[in-house]
Structure formats: C-alpha cells, structure tokens
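Below: the structure, in structure tokens.
The values are calculated or read from the model by the stated rules, or taken from the named source; none is laboratory data. Predicted model only: the values in this text are computed from it and were never measured. Reconstructed Cβ throughout: ideal geometry from the backbone, glycine too, with neighbour counts over all protein chains shown. What goes into the accessible areas is simple: the full protein's heavy atoms, side chains included, and nothing from ligands, DNA or RNA. Shrake-Rupley method; radii C 1.70, N 1.55, O 1.52, S 1.80 Å.
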Amino acid sequence: MQHGPAVRRRKLGAELRALRAGAALTSGEAARLVGWHQSKVSRIETGASGVKPADVRLLLDAYGVTDSQLRELLLVLASSDDGGGRHHWWHAYRGVLPPTYRDFISLESQASAMRTLETSVVPGLLQTPEYAREVTRAAVDGLDDERLDALVEVRLARQDVLRAAPPLALSAVLDEAVLRREVGGPGVMARQLARLVESARLPQVRLQVLPFAAGAHIGVTGPFVIFSFSRTSDLNVVVLDHLTSSLYLERKEDVEVYSEAFNALRIHALSPEDSLEYIAGIGDGA
C-alpha cells in the first residue's frame, strides 16, 4: 500500500537511505534490526512503497537519529493525506484536486521556505479572492460554479502557511508582466496590487520586481518554485508547472541549478524597497 503523495514518498525514502548510510548499515542489517524483510526497506527507500509514521520511528531509532526537528519533519512526510496518519485540511477537497496539486500543497504546508519566479500571474499565496477566481476560471476550462468555488477555497486556504507559527518564508520574483496583465478588470487588479504592497511589508515575505527594462533574463524559460526544508537540503524540490501536469525535480544537481538561477534573478530585479514603490506606482495608475 502506498502512503502519501509520490513526491513525499521519494523524498522521505531518499532521506531514510542517507540516514541508514550514515549509521553504516546495509539495508539488510537495517531490516533485521526492526524485524522486517530487506525488500521492505528497499521499497521504502526508492519511494516505491510508502511507510507509516510508526515504522519511520522504528527506523530512526535503529539509525540512532535523536534530532527532534528532523524526526518530526520525516514523520510529517510519512503522514498520509488519505486518512492515515496526520489529517490534512485538503483531504476535504480531494474530489476536485488532481494528485499533482495535492503533492504541491503537501510540500507547501511542510516547507520552511518557498522561492518562486512568476512570469504571468500573482503567486497563489498572495492572491485576493476575486483575482484567484478570475485566474482559476481562465486556467481551467468548463468549470461549473461549485467546482470553481471549491478551487478558489483551496487557493485561499493555502495562504494560511504565511500565518503559521513559524510562517513559511516566501521570496518571490515577479516579472513586470504579472503587474501589468489586467485580470478581472481595473477594480480587481487595483485591489490585487494593493494586496501585494500590503504583503510585501510582512517580515516573512520578500517581493522583487523584474522590470521590462531588465531585458532578457534566465527566467524567460518559465516560472518555477523551489521548496526548502530547514533541517536538510536533501528534501528540497523544484516544481515546474505545465498546462496538464507538474514536473518535480528532486536531484540535488537540479535544485542547485534552479537555486543559482533564482539568485541571479534577484540580482537583476529591483530591491524589495524599490519593488514595493514600483508596485504601488502601478497600482496608483490602475
């Protein structure tokens, strides 16, 4: 039986494999310590099979892992979104959410930091309800009102991560097109820009604008999101959105490439202070 979204299973398996190696144990030796067959350990480490939180505790004890925060992070990754383990709020919406979106929300809810490049629309965590509704309606063709309402509710519920204790640290670079594209009419856009200015003043939010004057930049290939976890970079993941699916890049080399790209974008973008003034100026003219 598989427990939890595929991305979380793979990330958890990779971390457990690293911890086993750090304890100088083979998979067979680890299996004997906890009373399992070696194949079960291998399936868990490759992400082919999920693992319950209770079994993660057994492995962590066997590997001598005492770091309480790391243990908690791995136990959260092991929790299922299908009723087993910790209950997640998006469980109520699983009938309208595709698996890749549930994966995304799961990572977002557990990450300590999120870095995102947006080239077309305002980041979901910073959208107003009316802006979110217009974007969702445009992105998903043929939605009836009930399904549209549910997807907007999910978008707004995701924003709670910015008010959590501790909150998600959000660093966003916005192409100027995000600010200039009129979504839902002048009134909707003016209120959305005002929300961005308000959000940019939060200590956990860092917004930077890439003005058109910056010319071509490394982000022209498209938007991306990098999720980071405070206790270990081995769990970091890059998400690339496509029209019908999302691509998750988990290799350390890929994460490093996108991290370097994001750093380059921040250098070319306006400073947070100048960006706030820039957004406010566009809002005043909206």
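When N is the residue count of region 147-232, what does its C-alpha Rg come to as a fraction of 2.2 N^0.38 Å?
On the way: Rg = 15.0 Å, N = 86, 2.2 N^0.38 = 12.0 Å.
Normalised Rg, Cα atoms only: 1.26.
Could you give the angle, 0 to 90 degrees to the nearest 10, between helix 6-22's Cα long axis and the longest principal axis of the Cα atoms of the chain?
Orientation of helix 6-22: about 50 degrees from the principal axis.
Straight distance only, please: which aspartates and glutamates reach the Cα of K252 with their own Cα at less than 16 Å, same-chain residues fewer than 8 apart left out?
Leaving aside aspartates and glutamates fewer than 8 places away in the same chain, those within reach of K252 are E15, D234, E260.
Please work out the FRET efficiency for the pair L202 and E250, using the Cβ-Cβ distance as r and a Förster radius of 30 Å; give the result to the nearest 0.05. Display every interim value, and only then the final one.
Values: r = 29 Å, r/R0 = 0.98.
Calculated value: 0.55.
Going by alpha carbons, how many degrees (0 to 90, nearest 10) lie between the helix axis of 68-78 and the longest principal axis of the chain?
80
What residue among V255, V135, V51 shows peak mean-square fluctuation when the chain is described by a Gaussian network model with Cα springs under 10 Å?
Most flexible of the set in this elastic network: V135.
Between region 251-285 and region 4-54, what is the C-alpha centre distance in whole Å?
Centre-to-centre (Cα) distance: 38 Å.
List the pair-distance distribution P(r) of region 5-79, using every Cα-Cα distance, as the percent of pairs falling in each 5 Å bin from 0 up to the bin containing the longest distance, rounded to whole percents.
3, 18, 33, 29, 15, 2
Once fully extended, how much extra length lies between V257 and V34, figured as 0.36 nm per residue of separation less the alpha-carbon to alpha-carbon distance? Present the calculation step by step, with values, prior to reporting the outcome.
Values: separation 223, 0.36 × 223 = 80.28 nm, distance 3.79 nm.
That works out to 76.5 nm of additional length.
Give me the Kirkwood hydrodynamic radius of region 52-183, using the inverse of the mean 1/r over all pairs of distinct Cα atoms, in Å to one decimal. Walk me through the numbers before you get to the answer.
Numbers: mean 1/r = 0.0595 Å⁻¹.
Across region 52-183, the inverse of the average 1/r is 16.8 Å.
Read through the labelled values (1) 0.95; (2) 1.04; (3) 1.09 and report the label of the one computed as Cα Rg over 2.2 N^0.38 Å from the structure.
Here Cα Rg over 2.2 N^0.38 Å agrees with entry (3).
Heavy-atom accessible area per residue, region 72-189, 1.4 Å probe: how many Å²?
Heavy-atom SASA per residue in region 72-189 reads 41 Å².
If the elastic network links every pair of Cα atoms under 10 Å, which of G219, G124, G185 fluctuates the most in the Gaussian network model of the chain?
Taking springs between Cα atoms under 10 Å, the residue moving most is G185.
Please give every one of the lysines within straight-line cross-link reach of K40, meaning a C-alpha to C-alpha distance under 24 Å, and leave out same-chain neighbours fewer than 8 residues apart.
Of all the lysines, those that pass the test against K40 - Cα under 24 Å, at least 8 places apart if same chain - are K11, K52.
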